Every structure is written in C-alpha cells, then in structure tokens.
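Take a look at the structure below.
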Amino acid sequence: MYTWTEKRSIVEQIEQVRPLRRTLAEIMDFQHERLLERYRESTGTSLEWAARCFNAFKQFMIVCAVKPGYKVTSDPIDQMWHTFLLFTRDYRMFCEDNLGRFINHEPFEQAYPSAYVETRAFANEYFGELDEEFWNLDAKADCSSGCYE
C-alpha cells in the first residue's frame, strides 16, 4: 500500500506523461444542461442524480485521459457516456478542450471485470473519494466496454 505522498508522486508522474489540457477543478466544473436533461429523460432519474452521475463520468474521462491501458466504467456512467456521445460536437470539444485528446468509446470483444476494479482503484487514488452509487465495487461482472489508449 502506498502512502499519500507516494500516491501523489505516482499521479504526478502519470500527469507529466499524459497531461490534461485544463486543471481538475476546471474539468469538474464543466456543465452541460441539455445533456443532463436528456440523461434524466432517458433513465427516469432526477436532475440531481444526473448531475452526480455527470461528475462521476468526468472523473472516469480524466482517468481515461491520464491512465494508459484498458479502462472500464459502471453502467450508470456508461449510460451517461452514451448520452453525451449523442451530442457529438460537444463531446469532441469537451475531450479536446479539457482532456487534451479525443477519448473513443470502445466495445471490447470479451469482458474485463479486472479492468473495472483497476480503473476504480486508480480513480479512488487519483481523486481521493468516489461516489459509491456510481463507482460501486461490484458494478461490473461483465465489463465489455470502456476505453483503451
């Protein structure tokens, strides 16, 4: 197990290799009201739930941008991703303006449950705290989509 200083050092090393275009705070402050409304309508959830899911989605996208290899997310975050992809131009601009690169949504040929566990562990170390409703440890037994870079 790493100490906080060692964790920060690992994160800083990764960020030097794969830098973000904006700060974490700026990325997390990004809003898209039409996206939240569309997600709310398609999932039957509240706007508050949609906003929390969008925050978890932004965390996942940051992980996709900075961590090499397979990254897999939970179903609610994946649904948010699918909804954002409907706003193609906005999604592309979000990726390029904030993350420094376009993040492709990839279906995998086989399930990668271990990739979800690794993605979640990295996100937890990177952000220090995750919303358990969207980053549930038991979320993906059949992980078959995410990103790979």
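So here's what we get for this one:
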quantity: Cα-centred dipole magnitude for the stretch 18-143, charges only on beta-carbon of K, R (+1) and D, E (-1), debye, nearest 20; calculated: 500 debye
quantity: Vicinal HN-Hα couplings computed from phi for the stretch 72-81 (Karplus, 6.51 cos²θ - 1.76 cosθ + 1.60; Hz; Gly/Pro x); calculated: 10, 10, 7, 4, x, 5, 5, 5, 4, 4
quantity: Size-normalised alpha-carbon gyration radius of the stretch 18-143, reference 2.2 N^0.38 Å; calculated: 0.98
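Every read-out reported here was derived from the displayed coordinates using simple, explicitly stated rules and does not represent laboratory data. Just so we're clear, the structure is a prediction, and the values are computed from it rather than from any experiment. Every residue, glycine as well, gets a Cβ built from its backbone with ideal geometry; the counts of neighbours run over all protein chains shown.
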